[in-house]
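Heads up: the structure comes next, in structure tokens.
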Amino acid sequence: GAGVSQSPRYKVAKRGQDVALRCDPISGHVSLFWYQQALGQGPEFLTYFQNEAQLDKSGLPSDRFFAERPEGSVSTLKIQRTQQEDSAVYLCASSFLETQYFGPGTRLLVL
Amino acid sequence: TQLLEQSPQFLSIQEGENLTVYCNSSSVFSSLQWYRQEPGEGPVLLVTVVTGGEVKKLKRLTFQFGDARKDSSLHITAAQPGDTGLYLCAGARTSGTYKYIFGTGTRLKVLA
């Protein structure tokens, strides 16, 4: 596949559960982004990686959110002790130059 | 908190009509992008504008960046059902930055 892929596509979690969301970027893309998109809103920046280095995590809403990209390719966004307000679509994007290519997102529902 | 306000929030029109979507801010942006997002998919980049007053055309879509680089518009001529989707603008505050701030979105529905 040539595009960005994300898994799972849908995740239902009970409040307090930990979840892990995976992103497979386009091969060779150095930059990787995570965004949170609430229903009916535009995406909000969470964090940015250049290769394996997390250069900006200013958008992570709390210390329950953690992201990693250990080998500079696949990335995982982990949310610990999920809360209902974490329900949203989590989008991953990888970029070449100024163009960001988005994956289809993971829709997280916390009950 | 989103610095880019889009209007209208929702728009439902008949096939063949023209429409304009606005993206406004009190901040200056070094560049601005427009995306379209369909249900269950991620946003897809349509265009990037970088110069104040710049106009770009993409088939029936015309994008304009305001002279002061604080606002932008997207005009669609003779809308088609395939234009249905969520339109998002996204601005970069500084040149060469990786960080784009997304607008609030305009949900367009074109009826056949």
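The values are calculated or read from the model by the stated rules, or taken from the named source; none is laboratory data. Nothing here was measured: the structure is a model prediction, and the numbers come from that model. Don't worry about glycine lacking a Cβ; one is built from the backbone with ideal geometry, like all the others, and counts go over all protein chains shown. Note: areas computed on protein heavy atoms with side chains; ligands, DNA, RNA excluded. Shrake-Rupley method; radii C 1.70, N 1.55, O 1.52, S 1.80 Å.
Where both bridge residues fall in chain B, DSSP classifies roughly 90% of the beta bridges as antiparallel.
Give the percent of DSSP beta bridges with both residues in chain A that are antiparallel, rounded to the nearest 5.
Values: 35 of 39 bridges.
That works out to approximately 90 percent antiparallel.
Estimated at the nearest 10 Å², the accessible area of B:Thr51 is 80 Å² with a 1.4 Å probe. Radius of gyration over Kirkwood radius for chain A, both on Cα atoms: the Rg/Rh ratio is 0.94.
Per-residue 3J(HN,Hα) values for segment A:74-86, derived from phi via the Karplus relation 6.51 cos²θ - 1.76 cosθ + 1.60 with θ = phi - 60°, read 4, 10, 10, 9, 10, 10, 9, 6, 4, 10, 4, 5, 7 Hz in sequence order (x marks Gly and Pro). Accessible surface of B:Val110, taken over heavy atoms with a 1.4 Å probe and every protein chain present, rounds to 10 Å². With a 10 Å cut-off around each Cβ of A:32-43, the average count of Cβ atoms from other chains is 5.
As a length-normalised measure over Cα pairs under 8 Å and 6 or more apart, the relative contact order of chain A settles at 37 percent. Residue by residue, segment A:23-38 carries 3J(HN,Hα) couplings of 10, 10, x, 5, 4, x, 6, 6, 8, 9, 10, 10, 10, 10, 10, 6 Hz when phi is fed to the Karplus relation 6.51 cos²θ - 1.76 cosθ + 1.60 (θ = phi - 60°); x denotes Gly or Pro.
Which pairs break 27 Å Cα to Cα here: A:Lys57/B:Lys109; A:Lys78/B:Lys99; B:Lys59/B:Lys109?
Long pairs (Cα-Cα over 27 Å): A:Lys57/B:Lys109.
Result for chain A in a Gaussian network model with C-alpha springs under 10 Å: among A:Thr82, A:Thr47, A:Thr99, the largest mean-square fluctuation is at A:Thr99. Loop-located trypsin sites (Lys or Arg not before Pro) in segment B:31-112 (DSSP state not H, G, I, E or B) with no more than 13 neighbouring Cβ atoms inside 10 Å: B:Lys59, B:Arg60. Rounded to the nearest whole Hz, the Karplus-based 3J(HN,Hα) values (6.51 cos²θ - 1.76 cosθ + 1.60, θ = phi - 60°) of segment B:11-25 follow the sequence 8, 10, 9, 8, 3, x, 7, 9, 8, 9, 10, 10, 9, 10, 8, with x at glycine and proline. Here segment B:5-20 and segment A:29-92 have alpha carbon centers that stand 31 Å from each other. Please say if chain B is rounded, prolate or oblate, where rounded means a/c under 1.5 for a ≥ b ≥ c the square roots of the C-alpha gyration tensor eigenvalues, and otherwise the choice is prolate for a/b larger than b/c and oblate otherwise? Prolate, because a/c is 1.5 or more and a/b exceeds b/c.
Please list A:Arg15, A:Arg69 from largest to smallest accessible area, probe radius 1.4 Å, with all protein chains kept in place. It would help to have the intermediate numbers written out before the result.
Working: A:Arg15 155, A:Arg69 5 Å².
The ranking, largest first, comes out as A:Arg15, A:Arg69.
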